[in-house]
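A.B. asks: This is the structure, below, for whatever I ask next.
The values are calculated or read from the model by the stated rules, or taken from the named source; none is laboratory data. What you see is a predicted model; the values in this text were computed from it and never measured. Quick reminder, even Gly has a Cβ in these numbers, built from the backbone with ideal geometry, and neighbours come from all protein chains shown.
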Amino acid sequence: MSDQQSFNEEMAFGPRRRATYACSYCNKTQDQVARLIAGPEGVIICDECIALFAKESVETLIDQQVRRGSFCGKDQTEVKRIMVSSSGVVICDECDDLCIEIIEEEQKTVARPKESQPGNSQPDSASPPDSR
């Protein structure tokens, strides 16, 4: 799409707005948390709820209704723990652990020095300069 076409569309339809996503558990938006992780069918969990759930030592399910994880679809009898949001969204301990892994891997990638990232070919300090 050309700049002119983009400009024309903006003038006709107004500026494009960035979609706002929120955690299905605490309702905090992407601007209020460090990370959101999306699951199937619009289920989203934030890094803060992931951390909170990881610290929980008791099952958060209060009623006796059998629930399925909103991320994985596993029955509550197939997992150790589940957490249910006020809106009925369910996450199990296994999906929470996976979300923690995703965040940790992302933090490792961000924390890597630029020299070690693929595509940055800076000369090694131990190698002699090219003598042509």
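A.B. asks: Which is touching a Gly at 6+ places or on another chain (Cβ under 9 Å), at pLDDT 85 or above and either within 20 Å of THR20 (Cα to Cα) or of a type in the set (Lys, Arg) (or both), of ILE37, ILE50, ILE45?
C.D. replies: On inspection, the qualifying residue turns out to be ILE45.
A.B. asks: Find all pairs meeting these conditions: Cβ atoms under 6 angstrom apart; at least six residues apart or on different chains; first residue within the range 36-48 and more than 11 Å from SER70 (Cβ to Cβ); second residue surrounded by fewer than 18 Cβ atoms within 10 Å (Cβ to Cβ) and polar (S, T, N, Q).
C.D. replies: These pairs meet every condition: LEU36/GLN30.
A.B. asks: Right, something else. Anything in the range 74-97 that is under 15 Å from LEU52 (Cα atoms), modelled with pLDDT of 85 or more and in a loop (DSSP other than H, G, I, E, B)? List them, or say none.
C.D. replies: Passing the criteria: only ARG81.
A.B. asks: Can you find a residue in the range 100-107 that is among the aliphatic types (A, V, I, L, M), more than 19 Å from CYS26 (Cα to Cα), touching a Cys at 6+ places or on another chain (Cβ under 9 Å) and at pLDDT 85 or above?
C.D. replies: No: zero hits.
A.B. asks: Out of everything in the range 1-25 that is modelled with pLDDT of 90 or more and of a type outside the set (Ser, Thr, Tyr), what residue ends up being surrounded by the most Cβ atoms within 10 Å (Cβ to Cβ)?
C.D. replies: Selected residue: CYS23.
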